[in-house]
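Working notes, structure below.
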Amino acid sequence: CAPDTDCVDCDTFRQFESCETCINAGGLYCWGGADASTSFDYCNSPALAAVVPALCIAESSGTAYFDSCEISPQCNLQDETCVYPNDGFCDAGSFCAPNSDCVDCDPLLEFSENCFVCIAEGGQFCSKGNGFGRCNSNEIATAFPDTCTADGGTAYSTTCQADVCEPANDSCSYQGDGECDAGGLCPIGTDCLDCSPCTGLRFLGCEACTNADGCVWCGADAVCAPEGFPGLESSVCSASDFVSTCDSEPSNPFPDPLFDAQNWIYDMINVKPVWAKGLTGTGIKIRINDDGVDSNHPEFANNFDLENSCSTGHLPTEPLSVNDHGTTCAALAAGGGNDVCSTGIAPNAKVSGCAILVEDVDLYEAANAGMRYLYIDQATDVSSNSYGTSPCQVINRRR
């Protein structure tokens, strides 16, 4: 052909195979249709996509060109085009179009561990027995009802039924650890307390617990359990401490929705009288030496100290967050008094982070650097230190 023809095949943007590289280069990305044998994904220049907008649909059975790889909040339930539906991984925005893979990208899936939480979040629960199941939105459950049975369940429901379990014959060796082990570490039909729908409600507080049928609450240990269950006692709760109604006058001085579930901590260290005096950490600087702190978490929107943070224990750059241990410690110390999660002990204190436990960083050097930084640092009043070394790394160093 002539040098200035065959525009589609000669489009230089075709070299970018992934959505991210395509968009970053300034192109538009076309996701193929659901039939992998007749469709494929590719990148085109904006100029070509504007001249031939139907090219994506005609050539690849795709939907349309996209200028972003972000997942669309509106999933196209009527025209599912993802090649990898219902595989347990959200492929929208990576292997599939942003508005596809509706079942796997359903945000309510995160509430699959507990039926009552699922229903409270406005979803439908697919029970697979003995505490296991999946949570999906009403839209997904209605559009794809077979998803439940294909996953080993019975049918989607808007009500919760307690699984059959006999506490008197419970042989599970891991009772009371907060994890439902029936069907996993323990036989099906055991671990009655941990597999009860009530147990998962402990993180939502007294009201969520007592509003559920047959559940009672002990605020001293933040325990939600089935009413009349044998052995209700915990380390700080006796059977008489469990209640079916919550206090009419909440003791929460902050608007955090999960304050009640953490109330036992505040009572244990008697911090409420301190708060009542107006002492909430103002002017105090807390350092978290750990695996990093998520500086973008809404709990630290008003009190994260980026200037006095470091990435490897000694560099004053934005902290890395490999896991969530450092973020959790920071939240316990200085989580904001806001409408997110719960409240830290000193919600108005400033918190900084040093990511000492990070990949590709020598732990010996990082720990030493962190300690040097701590000793000479004038910007820290309180430090929380969680770091160590890997046994395998120690052995390899000795070799």
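The values are calculated or read from the model by the stated rules, or taken from the named source; none is laboratory data. Given the structure is predicted, the values throughout are model-derived calculations rather than measurements. Methodologically, a virtual Cβ is constructed for each residue, glycine included, from the backbone with ideal geometry; neighbour enumeration extends over all protein chains shown. Please note that ligands, DNA and RNA were not included when accessible areas were found on the heavy atoms of the full protein model with its side chains. Shrake-Rupley method; radii C 1.70, N 1.55, O 1.52, S 1.80 Å.
Structure notes:
- Single match in SER72, SER100, SER68 (criterion: modelled with pLDDT under 80, touching a Ser or Thr at 6+ places or on another chain (Cβ under 6 Å) and either assigned to a loop (DSSP other than H, G, I, E, B) or of a type in the set (Val, Ile, Thr) (or both)): SER100
- Number of positions in the stretch 266-296 that are farther than 20 Å from SER383 by Cβ and either of a type in the set (S, T, N, Q) or open to solvent by less than 70 Å² (accessible area, probe 1.4 Å) (or both): 8
- Conditions (1) exposed (fewer than 13 other Cβ atoms within 10 Å of the Cβ); (2) farther than 19 Å from ASP104 by Cβ; (3) at pLDDT 65 or above: number failed by ALA58: (3)
- Flag for GLU121 being under 18 Å from the mean Cα position of the chain (by Cα), acidic (Asp, Glu), at pLDDT below 75 and on the phi < 0 side of the Ramachandran plot: no
- Residues (at pLDDT below 75, hydrophobic (A, V, I, L, M, F, W, C) and open to solvent by 30 Å² or more (accessible area, probe 1.4 Å)) located in the stretch 166-203: CYS180, LEU185, ILE188, PHE203
- The criterion of being open to solvent by 60 Å² or more (accessible area, probe 1.4 Å) and at pLDDT 85 or above holds for LEU332.
- Unmet criterion (only one of (1) within 28 Å of PRO253 (Cβ to Cβ); (2) over 22 Å from the mean Cα position of the chain (by Cα); (3) modelled with pLDDT under 85) for ASP324: (2)
- Verdict on PHE116 being assigned to a strand (DSSP E or B) and either at pLDDT 80 or above or under 20 Å from the mean Cα position of the chain (by Cα) (or both): no
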